[in-house]
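Structure record follows, encoded as structure tokens.
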Amino acid sequence: MSLYNFKKITVVPTSKEFIDITLSKTQRKTPTVVHKNYHISRIRSFYNRKVKFTQQNYHDRLSTILTEFPKLEDVHPFYADLMNVLYDKDHYKLALGQINTAKHLIDNVGRDYTRLMKYGDSLYRCKMLKRAALGRMCTIMKRQKQTLEYLEEVRQHMSRLPSIDPNTRTLLISGFPNVGKSSFINKLTRAEVEVQPYAFTTKSLFVGHMDYRYLRWQVIDTPGILDHPLEDRNTIEMLSITALAHLRAAVVYVMDVSEQCGESMESQISLFNNIKPLFLNKPLFIMANKTDIVSKEELSEENRKIFENFENEGISVFWTSTVTGEGIMELRQAACDKLLLDRVEAKMRGKKVTGVLNRLRVATPIQRDEKVRPPCIPEAVLKKRAAMATTANASLSDIGSMTMETDERKKTERELELEMDDEYVLDLQKWWDLKNPDEKHDTLPEVWEGHNISDYIDPGIFKRLEDLEKEEGLREEAGYYEDERESDDEEMKEIRQMAAKIREKKALRLQESHLRRKVKKPKLPGIVANKKKTPGEMVDKLGELGIDLSEQRQAHFRSRSKTRQILGKRKRSMSMDVGESRSRVRSQSRSRNESGVRDVAMQQKARKLEKISQRKMIRFGKAGESDRHIPTERPKHLNTGKRGVGKTQRR
Amino acid sequence: MRVETCSFCSSPVYPGHGMNFVRNDCKVFRFCRGKCHKAFKKKRNPRKVKWTKAYRRSHGKELTNDASLEFEKKRNNPVKYDRETWQKTVHAIRRIEEIKTKRHNHFIMNRLKVGKKVETEADIREVKQNINLIKSPAAGLLQKRQEEELVEVLPEDDQEMENVE
């Protein structure tokens with residue numbers, strides 16, 4: 001659709017700019033370095049590239065201009081005519097044609113010189129050829145200076161044209177200059193058209209939009225038309241004529257009854273008759289404006305007859321004043337309604353209707369019995385209507401007896417607030433409609449122990465509570481809630497105790513085994529290790545298991561080492577006394593931690609050294625002195641990561 | 001003012017606590033605290049999260065089908081205020097809660113009884129299998145032997161007595 005593209009046409013540069021842009025682009029986008037000693041084909045392709053690039057650039061830009069400017073045959077006739085009036089169709093077409101020829105010429109130049117480049121046998125020759133080619137292209141563009149300027153002006157003006165949709169609902173306002181057309185549009189829509197006392201204030205078409213019956217309407221304000229033949233009309237008047245001619249809209253012909261515009265009623269009538277052919281097939285309305293200056297009654301006989309003629313012909317006349325605003329809404333309503341009707345009729349006659357009608361279906365409910373079901377109108381509304389009717393009748397005869405209405409209106413909360421000033425408290429509960437009205441101002445409890453009370457409010461709650469209580473009663477009687485816990489008899493209690501003890505014992509054993517397996521300490525030889533287990537321990541352990549060993553038969557449980565020790569000591573003492581050498585029963589064996597140790601201090605030191613030497617092995621969980629196993633050779637946490645500050649020379 | 005329930009853990013949300021989240025389909029989610037809100041954002045299913053009421057109800061840990069639970073329900077039909085009804089209702093709520101807690105506790109007790117049986121059986125089994133850890137079979141053997149000796153002695157006495165007689 002060519003409607004919106006008027007604003008999106010790219011800027012048309014001046015010829016100088018055009019040349020500059022293209023040449024600088026060629027310089028930037030193509031390779032720049034070439035030497036004499038290159039191979040000739042390389043030199044040729046280098047210069048060819050430049051020629052082709054320039055040609056391509058010109059071609060592209062000119063094509064965009066040609067495509068973006070609208071073709072007068074393709075747009076709506078309204079726009080075509082408008083552009084003709086404003087820019088002269090011939091001039092426009094010529095300009096575009098010249099651009100087209102320029103494009104072709106540049107293409108030809110480019111083609112010829114790429115062919116000629118084949119015959120360039122030195123760098124100098126090729127360079128001169130390229131220079132000639134570019135020069136010729138630029139001269140062609142220089143000759144287009146006027147065309148480009150004209151097109152730029154056209155583009156600028158076109159983008160400022162009001163966007164009129166020729167197909168939607170439109171109201172067209174026409175008439176003599178200074179009759180009140182712009183004031184009318186200012187009243188109807190949000191457009192702020194200039195209103196001034198001199199003629200031809202409005203010099204072009206203005207569009208305003210308004211809403212009526214949930215639809216968007218265009219209201220077009222035209223410049224004033226003077227009464228002379230078509231050939232003598234200037235550009236501005238031609239705009240209005242174009243609009244009138246091409247747009248299918250409702251026409252409002254504005255007349256100035258006070259003759260303040262400087263034209264008499266007769267001249268206005270004669271203008272109307274002159275442009276009557278343009279109003280064919282369009283709903284027409286006469287707007288008799290400026291009635292605040294000269295009202296309908298004050299009009300002279302002849303003028304009134306004119307309007308009566310209009311009425312007789314079937315054209316409705318509206319007496320309005322844009323200053324006071326009377327009559328405007330009625331005119332708008334009538335004009336819009338008529339236009340809508342016309343449009344609907346036109347659509348009905350068209351081809352698309354059947355498609356729509358097939359999908360439409362008006363359904364009316366079938367009467368199922370004799371009962372009459374009229375629309376429901378509340379009493380208050382009926383009363384009000386009656387009151388309005390009586391006051392309307394009264395006002396015709398006696399204006400001023402409107403006191404009844406004001407009394408019936410309710411006092412608003414705001415008025416109350418203003419009356420009571422500081423004492424006012426907003427109490428919405430006073431509007432509540434309750435069975436017992438003095439309960440209105442109760443404070444309601446909302447929450448109890450985490451439960452919302454309103455969740456329990458239910459008309460049937462008491463009945464359900466009764467049922468529930470009954471059920472509870474039944475359950476209690478049936479012994480549902482009695483505690484059937486069987487208390488354990490003696491046997492069970494004993495069993496439980498024993499089971500607990502067993503579990504405890506198991507857990508202890510597990511713990512011990514874990515400890516034992518966790519750290520593999522260097523094992524001491526069996527004799528020394530077993531020495532740590534005393535017979536007393538064994539007696540205790542067996543006692544736990546229930547075996548009583550408090551009798552003489554213990555004698556067998558004493559360890560051998562003890563007897564030997566005693567023997568050894570006796571032997572030494574005896575030998576010192578007697579001086580005899582006796583045969584040893586067994587060689588004197590002393591435990592390793594006592595051999596070679598002179599006194600307590602040395603013993604302590606020896607023990608200390610022993611512990612120190614064991615420390616490393618125990619800490620690292622080594623199995624012995626020779627255990628050099630490393631579980632992880634390169635632990636990740638020590639060998640990765642960056643330093644926050646400093647060097648990572650060693651890890 | 002209303003005490004809502006958290007849409008994750010079903011605990012009460014008092015006014016001034018928690019957070020609300022409104023989804024694009026206009027469903028409102030209320031959370032009692034950040035824990036529930038974060039779990040919701042992580043798309044956790046409350047029916048699978050052990051500590052929520054939804055889990056407990058769906059896994060039969062709590063009373064579900066009961067007449068006493070039907071009393072507290074959000075109803076959408078407003079009832080006109082009537083002082084008498086409200087007063088009676090407030091008293092009724094107390095009674096209803098009593099009954100509800102009673103039934104609930106009974107339910108839980110029943111559920112836990114099964115565990116007791118299992119425990120007793122486990123204890124008996126334990127004792128049968130592992131009695132040797134606390135009591136050796138040789139325990140009391142000495143005493144028994146001594147008693148037997150005593151018993152042997154006594155009938156001998158009787159025999160002597162008989163001989164005498």
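The values are calculated or read from the model by the stated rules, or taken from the named source; none is laboratory data. Fair warning: this is a prediction, and the values are worked out from it, not measured in the lab. Glycine also receives a Cβ, built like all others from the backbone with ideal geometry; neighbour counts cover every protein chain displayed.
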Legend entry - Which listed residue is at pLDDT below 85, surrounded by fewer than 13 Cβ atoms within 10 Å (Cβ to Cβ), out of contact with any Leu (no Cβ under 6 Å at 6 or more places or on another chain) and charged (D, E, K, R), from A:GLU326, A:GLU345, A:GLU259, A:GLU298: A:GLU298
Inset, instruction - Looking at (1) surrounded by 15 or more Cβ atoms within 10 Å (Cβ to Cβ); (2) over 17 Å from A:GLU17 (Cβ atoms); (3) without any contact (Cβ under 8 Å) to a residue 60 or more places away in the chain, find the lone condition where A:TYR92 falls short. - result: (3)
Inset, instruction - Report yes if A:GLN429 is surrounded by 13 or more Cβ atoms within 10 Å (Cβ to Cβ), part of a helix (DSSP H, G or I) and more than 8 Å from chain B (Cβ to nearest Cβ), otherwise no. - result: yes
Inset, instruction - Run down A:LYS493, A:LYS501 and say which single residue is in a helix (DSSP H, G or I), within 7 Å of another protein chain (Cβ to nearest Cβ), more than 60 Å from the chain's Cα centre (by Cα) and of a type outside the set (A, V, I, L, M, F, W, C). - result: A:LYS501
Legend entry - Failed item, numbered, when B:GLU156 is tested on (1) more than 9 Å from chain A (Cβ to nearest Cβ); (2) at pLDDT 90 or above: (2)
Legend entry - Top-ranked residue of the stretch B:91-101 - restricted to ones that are without any contact (Cβ under 8 Å) to a residue 24 or more places away in the chain and more than 11 Å from A:ASP455 (Cα to Cα), ranked as farthest from the other protein chains (Cβ to nearest Cβ): B:THR101
Inset, instruction - Scan the stretch B:103-141 for residues that are of a type outside the set (S, T, N, Q), surrounded by 13 or more Cβ atoms within 10 Å (Cβ to Cβ), farther than 15 Å from A:ALA499 by Cβ and at the interface with chain A (Cβ under 7 Å from one of its Cβ atoms) and report the count. - result: 3
Inset, instruction - Kindly indicate which of A:ARG49, A:ARG44 is surrounded by 14 or more Cβ atoms within 10 Å (Cβ to Cβ), touching a helix residue (DSSP H, G or I) at 6+ places or on another chain (Cβ under 6 Å), farther than 21 Å from A:TYR150 by Cα and charged (D, E, K, R). - result: A:ARG44
Legend entry - For A:ASP442: the one exception among (1) part of a helix (DSSP H, G or I); (2) within 56 Å of the chain's Cα centre (by Cα); (3) within 11 Å of chain B (Cβ to nearest Cβ): (1)
Legend entry - Within the stretch B:69-83, tally of residues that are touching a Pro at 6+ places or on another chain (Cβ under 9 Å) and within 17 Å of A:HIS451 (Cα to Cα): 0
Inset, instruction - Pull up the stretch A:262-289, narrow it to residues that are in contact with an Asp or Glu (Cβ under 7 Å, 6 or more places away or on another chain) and surrounded by fewer than 20 Cβ atoms within 10 Å (Cβ to Cβ), then point me to the one that is nearest to A:LEU82 (Cα to Cα). - result: A:ASN274
Legend entry - Looking only at the stretch B:46-65, and only at residues there that are closer than 19 Å to B:THR5 by Cα and surrounded by fewer than 12 Cβ atoms within 10 Å (Cβ to Cβ), the one that is nearest to the other protein chains (Cβ to nearest Cβ): B:THR64
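Residue-by-condition table, conditions (1) within 17 Å of A:ASN452 (Cα to Cα); (2) at pLDDT 90 or above; (3) under 22 Å from the mean Cα position of the chain (by Cα); (4) not in a helix (DSSP H, G or I):
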| position | (1), (2), (3), (4) |
| --- | --- |
| B:THR85 | yes, yes, no, no |
| B:ARG103 | no, yes, yes, no |
| B:GLU126 | no, yes, no, no |
| B:ILE131 | no, no, no, no |
| B:LYS135 | no, no, no, yes |
Legend entry - Close pairs (7 angstrom Cβ cut-off, 6 or more residues apart or separate chains): in a loop (DSSP other than H, G, I, E, B) in the stretch B:1-19, charged (D, E, K, R) anywhere: B:MET1/A:GLU446; B:CYS6/B:ARG30; B:SER7/B:ARG30; B:CYS9/B:LYS53; B:SER10/B:LYS53; B:GLY18/B:ARG30; B:GLY18/B:ARG33
Inset, instruction - Looking only at the stretch B:32-74, count how many residues are in contact with a helix residue (DSSP H, G or I) (Cβ under 7 Å, 6 or more places away or on another chain), of a type in the set (Lys, Arg) and within 26 Å of B:PRO15 (Cα to Cα). - result: 3
Legend entry - Subset tally (residues that are in contact with a Gly (Cβ under 8 Å, 6 or more places away or on another chain) and of a type in the set (S, T, N, Q)) for the stretch A:251-303: 3
Legend entry - Yes/no for A:ILE457 being surrounded by 12 or more Cβ atoms within 10 Å (Cβ to Cβ), among the β-branched types (Val, Ile, Thr) and part of a loop (DSSP other than H, G, I, E, B): yes
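Mind listing whichever residues of the stretch A:588-603 are more than 21 Å from A:PRO525 (Cα to Cα) and surrounded by 10 or more Cβ atoms within 10 Å (Cβ to Cβ)?
Our first condition is that a residue be more than 21 Å from A:PRO525 (Cα to Cα); within the stretch A:588-603, this holds for A:598-602.
Selection gives A:MET602 alone.
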Legend entry - the stretch B:71-84, residues that are facing chain A (nearest Cβ under 7 Å) and farther than 14 Å from B:THR101 by Cα: B:LYS73, B:LYS74, B:ARG75, B:VAL79, B:LYS80, B:TYR81, B:ASP82, B:ARG83
Legend entry - Single match in A:ASP489, A:ASP438, A:ASP467 (criterion: acidic (Asp, Glu), at negative phi, in contact with a helix residue (DSSP H, G or I) (Cβ under 9 Å, 6 or more places away or on another chain) and free of Cβ contacts under 8 Å to residues at least 24 places away in the same chain): A:ASP467
Legend entry - From the options A:LEU474, A:LEU465, residue that is facing another protein chain (nearest Cβ under 8 Å), within 30 Å of B:ARG75 (Cα to Cα) and among the aliphatic types (A, V, I, L, M): A:LEU465
Legend entry - Single condition B:SER68 does not satisfy, out of (1) within 11 Å of another protein chain (Cβ to nearest Cβ); (2) surrounded by fewer than 16 Cβ atoms within 10 Å (Cβ to Cβ); (3) small (Gly, Ala, Ser): (2)
Inset, instruction - Hand me the list of strands (runs of 3 or more DSSP E) wholly inside the stretch A:200-267 holding 1 or more residues that are within 42 Å of the chain's Cα centre (by Cα) and more than 30 Å from A:GLU302 (Cβ to Cβ). - result: A:206-212, A:215-221
